[in-house]
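Working notes for the structure below.
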Amino acid sequence: MKTSAILSAAATFSIAYSTGSIEEWAPGGPDDFRGPCPMMNTLANHGYLPHDGKNLTKETVVAGLGNGLNFDPVLAGIMWEQAIFVAGPNATAFTLNDLNPHGVLEHDASLSRSDAHFGSNHVFNQTVFDTSKAFFTDETITIRMIADAKVFRQVISRSTNPDYSFSASVENFSLGEMAAPFLALGDKTNGLVNRTLVEFWIENEKLPAELGWKRVEEPVVLENVMFLVESIGNATSLITASGNSTAPHKKRSALSDGQESAGDVSEYGVSHGSTTSQKPQRLLQCYGDFFPSSPSDTYAMSSMRIKTSILCSKCQRIRGKLAKYLDDMNCLDSVYSSTLEHYSTLEHSPTLDHYQDSRDLKQSALYGCHLCNLILDSFNPEGIDNFDRMWTRKVAMNDISNGTPVQLKVSRSIYVQNQPEQAHLRLRTMPGQVDSFAITGRRILLTSSPSCPPTHLSESPITLSSIHVSTATVATANLAIEWIARCTKFHSKCGKPKGSFLPTRLIDVQTLRQTGKIRVTETRSLPCPDDIRYLVLSYCWGSTPTFKLEKSTGQALSSGVGVQILPKTIQDAIYFTQSINMRWLWVDSLCIIQDSQEDWNDEALTMCQVYQNSFLSLAALAAAHSDEGLFAIRDPLLYSACSLFSTKEGKHVFAEPSSHSDPHMAWPLHQRGWVMQERILPSRTLNFGPYLIWQCQENIDEEYNIISQKDYREEFALSKRFAEIVLSDSVSEKYSKERNKEILGLWRRLAAEYTDGVLSVPTDRLIAISGIIAVIHSCTGWTNQAGLWEPFLWKELLWKKVLRKSIESRKFTGLQPSWSWIAITGAVGWADFDAKLGVSCSSVAHVQRITELLPSQADTDSSSDHPLAILVSCIAGKLRYLSPIGVNIGRHECDVDEFPLSGRGAFIFDICTDTRQPELFLPTGIEIWPEGSLFVLGLAVCPSMNCEGAFERVGLCTFQVDREKKSGDSMDHNLAILHDVSRRKDYILV
């Protein structure tokens, strides 16, 4: 269904005013605006929208539709977003008069108005309506009757109106108009409505309450609109079904245009005379995925669907040849047990001709051929890490744009999974002649067990993933409700958060339905706090939100504000919260006073509790800033499997989407430093990207099986892993050595990923992860010192910067101490973080925190805090600079003098532009490798400029001990020296 059909349905019975009444009614006066749609005029007459027909704002729309016609607020919000364009750019309200221009909402061939050519096109015309209602031949109007009246009016209008116009967009407006009587007055599920009620309404522009009509009890949702519009559109077709085939409305609309789905052809059947559809099935005239959406596009495209498994004539022939070939080879049904002898029967992999001009391939993809989309996407260079492969695919895409023959080659798969039903071949695309040089794309997997099917959670499949272009649909909310219900019912670990903690403030979205406004509430005034469940929003601010909680806006937010003044992402979160029947939402920009340092400090201390005690987190993965919205526009053809054919044994064969590189690292939200604890601490998270991803402490679900298929599941299972290792109460020895090792390893993984994120304020480097630190502390009793865990300080000190670019651009954060990673920007890891199996690590120093410094060591500025200091007892050496081995990254070779062991050292600056020269090597740990290599790891330090007698970290130093020494210098001898306490001296680090 097209977007304009929803808008037409909205316009037909939209924009109610919250003070209206069914009992009160008055027609419009000479100074009141009225439009071409009977239902809108009716609602104005009843006062459900302003009686003067002016100032139709979003809050008026949402509240009015809910009160007057029981419209779901999500649908109501979508309607307003689609209608506001009539008032011009940047408008925040429109009038009924704005709908009168010909060809916008008003159109020729109306059921109750004359055409614009004959004048008075927005005023009810009894003569015209009499010709329309002549097709209402029974007391109950059906979809077929409405469709017949519509077709008749179009034929009459075209034959009598010399200026007749009826574009594709007008057709969709008209279909929405036809759906209005069923939605507002009748049975919206089956498409039936009482004739008397409809005639009374249209002729009087009055709700037929006096005839017994009542407002529907079940909310009107987007799915109702889409069903009726599609049904009416199918019923207007004058093509009849042949033989025993199904009724026209049960077939894909694209079939009449020359495209076929796998389910509509006989086994191995191919239609040789069909051509690619000239009616685009795609959303836009462009190739590729469409996410993230712009604010205006998300709702406008929320109704659009892309039909999956539709094939062009070329791919239909390919399908037939594949089916015959695979059947002859018995490739998908043979049991591959212990040998690969079966592959010897595949002596000549077939080459299949496709389009002679690759530009036709591109055009076919635009027109909706599913297999053409998968073929074209196999050359997509995006997401390719390897430069050579990325470059060759860019060349290939350029060749495709310029026109080149395309051939497909079926190649044999060497690896076959254990289950025979998952055995497969691979389809490889090859632009250019196969016998000459050809650049190949990613392989397209042919399998009888698709890894990317539509999500099934109940007896009826959730078809969101395979159909909808946008995630801004009622089906999205229904899918979330299904996931929530399953989690709360079956997952004991994801139960109600412990304790009765509530954030200081929460957004009450329930008032949106009642008043069209939301308000921020102080939770201390709420009764029964233990019964309150709230959602949290995890999102990117981008630039400062246009409206936020400040001292000057606090009173307005407490009283209630319209959602239209809020950033788009927050608006979407509010509507979505309401759509899944939840009342309370926490958003940092509206629940923390942004211009109060005192309030910000207080709230930062409880941040971990806010997320840990939330019922559900909404994560806006795709939005780079707060005005991009929660929802996305995507191309389902690039994610879902294409159904091809069934084998004689009844197995269905699919073509899988290409394997993309990990998409989550490119998502803006996961590049934000603050979001790490927002990902880890909630018990449940619903991620909004190009597809929905559900994660909780026991499971991960998604619209497509992409995460499991691409081995990215662990990235979204961090919160589950955190709950299992850190929060678990089932560990027999709570502080066992093995558990400590697991917790420390998980912390380092979290810290490494966290430090790779972006912080707009560098000094937030520690506080932005303080929530996770607080939880680990409460569960283990460990003490954290500036981001390093005290029980393991000797090992924690061995952090190192992780290089992401050929030229480093790190800076100091302004935080102290120097020996912590919080002192610099950028990603860090640990020296033994990636240690291979068989490498043993141990301490060669004693490290402890010291609470007081000597007066001579303290900063002479009495206004500053005393620096956080540690005492390192170790065998030190003097660093002697030799030569750089990585100028752009600050890596240097060095000698270590006055050190009891011989060898060669190397150190790397924490900040490559640091002009301070390291003087001492302070070793804290060693690594012993299986082949006998011994590495001593420690800090490169220089004297502190602020604390006399103390040192500051400059970088990390690695010293490899020489293996070929005189007979007495064995491994045991070297280790004995390093562990000799008598050789150690004390050094203070700040």
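Here are some notes:
- Out-of-range pairs (alpha-carbon distance over 20 Å; input 324/651; 811/878; 314/362; 324/362): 811/878; 324/362
- Linear extension gain, residue 785 paired with residue 602, 0.36 nm per residue minus alpha-carbon span: 63.8 nm
- Non-local lysine pairs in the range 38-235, meaning eight or more places apart or on different chains, with alpha-carbon distances under 18 Å, amount to 4.
- Looking at the range 38-235, the accessible area is 37 square angstrom per residue; that uses a 1.4 Å probe and ignores ligands, DNA and RNA.
- Shown for the range 38-235: the carbon plus sulfur share of the solvent-accessible area, taken with all protein chains present and a 1.4 angstrom probe, equals 51%.
- Sparse-neighbour loop sites [GluC sites (Glu not before Pro); the range 874-977; at most 13 other C-beta within 10 Å; DSSP]: 898, 931, 964
- Computed from backbone phi, the HN-Hα couplings of the range 772-788 come to 5, 4, 5, 5, 4, 4, 5, 8, 10, x, 5, 9, 9, 10, 6, x, 10 Hz, rounded to whole numbers (Karplus: 6.51 cos²θ - 1.76 cosθ + 1.60, θ = phi - 60°; Gly and Pro given as x).
- Loop sites in the range 183-229: trypsin sites (Lys or Arg not before Pro), DSSP, at most 14 other Cβ within 10 Å: 214, 215
- Rounded to the nearest 10 square angstrom, residue 51 shows an accessible area of 60 square angstrom against a 1.4 Å probe.
- The trypsin sites (Lys or Arg not before Pro) of the range 508-616 that meet both conditions, a loop assignment by DSSP and at most 12 other Cβ atoms within 10 Å of the site Cβ, are 551.
- Taking amide H positions as modeled 1.01 Å from N, with prolines and chain starts lacking one, the residues under 5 Å from residue 827 and 5 or more places away or on another chain are 802.
- Computed across the range 38-235, the Kirkwood radius stands at 17.3 Å (inverse of mean 1/r, all Cα pairs).
- Split the accessible area of the range 606-656 by element, probe 1.4 Å, and carbon with sulfur accounts for 51%.
The values are calculated or read from the model by the stated rules, or taken from the named source; none is laboratory data. From a predicted model like this one, the values you see are computed outputs, not experimental measurements. When we count neighbours, we look across all protein chains shown, and the Cβ atoms used for this are built from the backbone with ideal geometry, even at glycine. Heavy atoms of the whole protein, side chains included, go into the accessibility calculation; ligands, DNA and RNA do not. Shrake-Rupley method; radii C 1.70, N 1.55, O 1.52, S 1.80 Å.
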